[in-house]
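The values are calculated or read from the model by the stated rules, or taken from the named source; none is laboratory data. Note that the coordinates shown come from a computational prediction; the quantities given were computed from them, not determined experimentally. Methodologically, a virtual Cβ is constructed for each residue, glycine included, from the backbone with ideal geometry; neighbour enumeration extends over all protein chains shown.
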Amino acid sequence: MKIEKKRSDLFIMAIFTIVILSMPVWLSPLGANYPDLLQKFAIFGIFAIGYNILFGLTGYLSFGHAIFIGVGSYTAVWSFKLLSMNVLPAIVFGTLFAGIIAALVGYVSLRRSGIYFSILTLAFAQMFYNLAYSVLTPLTNGETGLTIAAGDPRVLDRLFSDVATGGGLPSTELFGISMSGYSGFYFTAVLLILAFFISLKIFNSPFGLKLKAIKSNQHRMKYTGYNTRPYLVTAFIISGMFAGLAGSLMAVTDPLAGAERMQWTASGEVVLMTILGGVGTLYGPLLGVAIIKYLENIFSAVNEATLHGFFSFLPQWLNDTMVVVVSPFVGEGWHLTLGLMFMIVVIFLPGGVTEGFQKIKNRFTKNKEQEKLKQGGE
Amino acid sequence: MDAVLIQLLNGLDKGAAYALIALGLTLVFGTLGVVNFAHGALFMLGAFCAVTFQKILTISVKVIDPSITFFTAYKEQAYLEIWFGDVGLTIIDYAVPLSILMAIPVMLLIGLAMERGLIRHFYKRTHAEQILVTFGLAIVIQEVIRHFFGANPIPMPAPDIVSSSAAVGTWLGLSDNLVYPWWRLIYLSFSLLVIGSVFAFLQLTTFGMVVRAGMFDRQMVGFLGINVQRKFTIVFGLASVVAGLAGVMYAPILPPDYHMGMDFLVLSFVVVVVGGMGSLPGAVAAGFLLGVLQSFASMTIVSQYLPGIDQVIIYLVAVIILLTRPRGLMGRKGVMED
C-alpha cells in the first residue's frame with residue numbers, strides 16, 4: 001500500500017514536470033508561449049499553491065498574503081543591491097525573511113479564527129502597506145519604488161570579478177546565465193515543480209490531514225487532545241514563505257519593488273485564483289492561475305479596433321452594437337470581467353473549475369450506469 | 001490648545017464618516033448575519049449620487065455670450081439658469097445638499113435590489129463565502145463607476161455660503177485665528193442627526209422593536225407570526241441609505257473617486273470589530289474614538305516621538321483590542337465569538 005502510494009506520487013510528479021517544462025511547446029497554439037507570460041504563470045502558481053496550503057486545507061481566509069509578496073520583493077532587490085546580482089541569495093533571503101514576518105503576523109492573527117482572523121490579516125496588510133509608504137521609506141523608497149542602481153555596493157560580485165564601472169544597469173543572473181527569456185522561465189519552472197512537490201507531500205502527510213481536520217471541525221480536533229495552533233502557525237508560515245518566494249521571483253524578472261504589491265486587494269487576487277481553480281485541491285490553484293493570467297493577457301490587450309475586427313463577420317449595425325456591449329469588459333475594463341467572474345464562481349461553483357469537471361464527469365458516469373441498468377432491465 | 005481643538009474637530013469629522021459606515025455594517029451583520037464587503041461601495045455610490053445630481057442640474061446648452069461684442073462668442077449656460085435665472089443658479093449652488101433628496105430613494109432601491117438579488121442567497125453559506133462574493137460585487141460596482149465617471153477624483157464644491165470657515169475660536173473665547181471649515185461642521189452635525197434618527201427609529205417605533213427582537217432571537221420572533229425576513233430586507237435598505245448619505249455629504253470634503261469605497265471599507269470593518277460585532281452603540285463610539293485617535297496621532301508633537309504612528313494607530317488599536325477583548329468594546333455575549 002505504502003509503496004504503491006509512493007509510486008503514484010512519483011508518477012504524478014513525473015507527469016507534472018513534463019507538463020510544466022513543455023509548456024512553451026503545448027501553449028504555442030494558444031499564443032501564450034512567450035517567456036514573460038509563462039514566467040508569470042509559474043510565479044503566481046507558486047503563490048497560489050502556497051495560499052492553498054493555508055486557505056484550502058485549513059479554511060482560514062487571509063487577506064494578508066500580499067505582505068509577504070512585498071517583503072519577498074523588497075528583500076530580493078536589497079540582495080541585488082548589497083550582495084550580488086545572482087538570484088540564489090535573493091530568493092533564499094526573500095523566502096526566509098518573508099517566513100520570519102509570516103511567523104510574526106501568523107502568531108498574532110491565528111489567536112482568533114473565522115472572520116476575526118480575516119480582519120486581523122486585513123489590518124496587518126494595511127499597516128505594512130502604510131508603513132512602506134511612510135516611515136519605512138529609507139528601506140522601500142516610498143512611492144518611487146526600490147530599484148537597483150549602477151553604483152550599488154554588490155559586495156559578492158565585486159569580490160569575485162571585476163565589475164565594470166559605468167555602463168548600463170546589471171541584469172539578474174544565475175552563475176552567468178541571464179535570467180531573462182526562456183532561461184528565466186525554466187528557472188522559475190523548476191522552483192514551481194519543487195513547490196508543487198512540497199505541496200503534494202503536505203497534502204498526503206499526517207500534517208496535511210491535521211490541517212484538513214482543523215477545517216472540518218476544529219472543536220472536535222481539540223477534544224481529541226490536539227493543540228491546533230502550532231499546526232495553523234506552521235501552515236501560515238509555509239504559505240507565507242511560498243508567497244515570499246513568489247515575491248522575490250517577481251523581483252528576479254524585473255528588479256523593482258513597489259508598495260502597491262502589498263495592497264490588500266492584491267491578496268484578493270490570489271484568493272480568486274485559488275477559488276476559481278478549486279480550493280483545497282492539488283491542481284486547482286494552478287488551473288485558476290493559468291485561466292486568470294491567460295484571460296488577463298488577452299482581455300487587457302483588446303481595444304475597440306480589434307473588437308470591430310473580431311465581429312467583422314456580422315452586419316455593420318450588429319457589429320457596432322456588439323462592440324458597444326463588449327467594450328466595457330475588455331482592455332481597461334478587465335477588472336470588471338474579473339469581478340463578475342469572481343462572483344459567478346462563488347455563487348454557482350464554490351468548488352471551482354475542478355468541481356465543475358467532477359460534476360460533468362459524475363453526470364457522464366451516472367448516465368452510463370443508468371444505461372447499464374436499463375439494459376439489464378431489458 | 002488651538003491645535004488640539006482643531007485635531008479634535010478633524011477627528012470627530014473623520015470619526016463621523018467611520019461611524020456612519022460602521023453603523024450600516026453592524027445593522028446588516030446584526031440582522032442578516034452577513035458580512036458585507038460591498039458596504040464601502042455603497043458609500044462610494046452615495047458620493048456619486050451627488051456627482052450625478054450635479055451633472056443633471058448643470059445640463060447646459062450653448063448660447064451666444066452677450067458680454068463679448070467684437071465677435072459672436074459662445075458660452076455654456078445651464079438650462080436651469082435660462083429657465084429660472086438666479087433661482088436656478090442657487091439650485092445649482094446647493095447641488096450637494098439637494099442631492100440627498102435623490103440619494104435616499106436611489107440608495108434604498110440599490111440596497112433592496114442587492115439584498116433580494118444576491119445577499120439573500122448567502123444567508124446559509126459560510127462567512128468566508130459571504131466575504132468573497134461581496135468583495136466581487138464591490139469590485140464590479142467600482143469598475144462600473146470607473147467606466148462611467150473615469151478614474152480621476154471629481155471635485156464637488158460645497159454651497160457658496162458655507163464654503164468659508166467658521167470662527168470657532170471666537171465662539172469659544174479662544175484665539176481669533178482658530179477657524180474651521182463650515183462644511184465640516186455641517187457634516188458632523190448631519191451625521192449626528194442621522195445616527196440619532198437611526199437609533200430613534202430602532203428604539204421608538206414598532207418596526208424598530210421588531211427588528212431589535214429579531215436581532216436578539218430571530219427564531220422566536222418568527223414563531224410569533226412576524227415576517228422577520230421582510231423587516232430585515234428593509235433594514236438592509238436602511239443601512240444602504242445611511243452609507244449613501246454619508247457618501248453624499250462627504251463629497252465636498254473628499255472629491256469622490258471610484259476606489260474611495262475600498263479605502264473606507266477596511267477602516268470601517270476595523271471600527272466594527274473594535275466596537276464589538278453586532279453592537280450599534282459600540283460601532284458609533286468606536287468610529288468617533290478611532291477618528292479622534294487617528295488625528296491626534298498625526299500631530300507633529302506625537303510623530304516626533306513615534307514616527308509613522310498616525311498611519312498604523314487604528315490598526316494597532318484594532319489588533320490589541322481583538323486580542324485582549326475579543327468581544328470588542330461593547331460586544332454582546334454570544335455574538336460571533338470564537
Which one of the conditions (1) within 11 Å of chain A (Cβ to nearest Cβ); (2) buried (at least 22 other Cβ atoms within 10 Å of the Cβ); (3) over 29 Å from A:THR58 (Cβ atoms) does B:LEU132 fail to meet, given that it meets all the rest?
(3)
Residues of region B:121-131 satisfying the condition of being closer than 19 Å to B:THR233 by Cα, touching a helix residue (DSSP H, G or I) at 6+ places or on another chain (Cβ under 9 Å) and without any contact (Cβ under 8 Å) to a residue 40 or more places away in the chain:
B:HIS121, B:ARG125
Would you check which residues across region A:119-158 are touching a strand residue (DSSP E or B) at 6+ places or on another chain (Cβ under 9 Å), of a type outside the set (Ser, Thr, Tyr) and buried (at least 16 other Cβ atoms within 10 Å of the Cβ) and list them?
A:ASN141, A:GLY145, A:LEU146, A:ILE148, A:ASP157
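Restricting attention to region B:110-119, and to residues there that are assigned to a helix (DSSP H, G or I) and in contact (Cβ under 8 Å) with a residue 12 or more places away in the chain, which single residue is surrounded by the most Cβ atoms within 10 Å (Cβ to Cβ)?
If we filter region B:110-119 for residues that are assigned to a helix (DSSP H, G or I), which is where we start, we get B:110-117, B:119.
With the extra rule that they be in contact (Cβ under 8 Å) with a residue 12 or more places away in the chain, the set shrinks to B:110-112, B:114-116, B:119.
Values: B:ILE110: 22, B:GLY111: 27, B:LEU112: 16, B:MET114: 21, B:GLU115: 23, B:ARG116: 13, B:ILE119: 22.
This residue is B:GLY111.
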Within region A:198-213, does at least one residue satisfy the condition of being touching a Phe, Trp or Tyr at 6+ places or on another chain (Cβ under 7 Å), outside any helix (DSSP H, G or I) and either buried (at least 20 other Cβ atoms within 10 Å of the Cβ) or outside the structural domain of A:VAL77 (by TED's automatic domain parsing) (or both)?
no
Just to be sure, is B:ALA200 touching a residue at least 60 places away in the same chain (Cβ under 8 Å) and small (Gly, Ala, Ser)?
no
Matching entry among A:SER134, A:SER109 (being within 30 Å of B:GLN130 (Cα to Cα), hydroxyl-bearing (Ser, Thr, Tyr) and either more than 7 Å from chain B (Cβ to nearest Cβ) or more than 20 Å from the chain's Cα centre (by Cα) (or both))
A:SER109
Expected single match for within 14 Å of chain B (Cβ to nearest Cβ), exposed (fewer than 15 other Cβ atoms within 10 Å of the Cβ) and aliphatic (A, V, I, L, M) among A:VAL330, A:VAL345, A:VAL324 is A:VAL324
Only one of (1) more than 11 Å from every other protein chain (Cβ to nearest Cβ); (2) closer than 10 Å to B:THR26 by Cβ is not met by B:VAL271, so which one is it?
(1)
Can you tell me which residue within region B:161-198, out of those that are in a helix (DSSP H, G or I) and touching a Phe, Trp or Tyr at 6+ places or on another chain (Cβ under 9 Å), is surrounded by the fewest Cβ atoms within 10 Å (Cβ to Cβ)?
B:ILE161
Can you tell which of B:VAL235, B:VAL292 is among the β-branched types (Val, Ile, Thr), surrounded by 20 or more Cβ atoms within 10 Å (Cβ to Cβ) and either away from every other protein chain (no Cβ under 14 Å) or outside any helix (DSSP H, G or I) (or both)?
B:VAL235
Lone unmet requirement of (1) surrounded by fewer than 24 Cβ atoms within 10 Å (Cβ to Cβ); (2) within 14 Å of chain B (Cβ to nearest Cβ) for A:SER84:
(2)
Close pairs (8 angstrom Cβ cut-off, 6 or more residues apart or separate chains): assigned to a helix (DSSP H, G or I) in region A:357-373, modelled with pLDDT under 85 anywhere
A:GLN358/A:GLY351
Would you call A:THR17 surrounded by fewer than 20 Cβ atoms within 10 Å (Cβ to Cβ), hydroxyl-bearing (Ser, Thr, Tyr), in contact (Cβ under 8 Å) with a residue 24 or more places away in the chain and farther than 30 Å from B:VAL133 by Cβ?
yes
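Being farther than 17 Å from A:ILE115 by Cβ and either facing another protein chain (nearest Cβ under 9 Å) or touching a Pro at 6+ places or on another chain (Cβ under 8 Å) (or both) is the filter here; which residues of region B:113-129 pass it? Break it down stepwise before answering.
Just the residues of region B:113-129 that are farther than 17 Å from A:ILE115 by Cβ, to begin with: B:113-118, B:120-121.
Listed by number, the residues that qualify are B:LEU118, B:HIS121.
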Of the numbered conditions (1) part of a loop (DSSP other than H, G, I, E, B); (2) more than 30 Å from B:HIS259 (Cβ to Cβ); (3) within 14 Å of chain B (Cβ to nearest Cβ); (4) of a type outside the set (Phe, Trp, Tyr), A:HIS219 satisfies every one except a single condition; which is it?
(1)
Being polar (S, T, N, Q) and either in contact with a Leu (Cβ under 8 Å, 6 or more places away or on another chain) or within 14 Å of another protein chain (Cβ to nearest Cβ) (or both) narrows A:SER248, A:SER300 down to just A:SER300
Exactly one of B:ALA243, B:ALA251 is more than 14 Å from chain A (Cβ to nearest Cβ), touching a residue at least 60 places away in the same chain (Cβ under 8 Å) and more than 18 Å from B:LEU27 (Cβ to Cβ), and that one is B:ALA251
Please verify whether region B:201-222 includes one or more residues that are under 30 Å from B:LEU137 (Cβ atoms), polar (S, T, N, Q) and buried (at least 17 other Cβ atoms within 10 Å of the Cβ).
no
Looking at region B:302-327, which of the residues that are touching a residue at least 40 places away in the same chain (Cβ under 8 Å) and surrounded by fewer than 22 Cβ atoms within 10 Å (Cβ to Cβ) is nearest to the chain's Cα centre (by Cα)?
B:VAL317
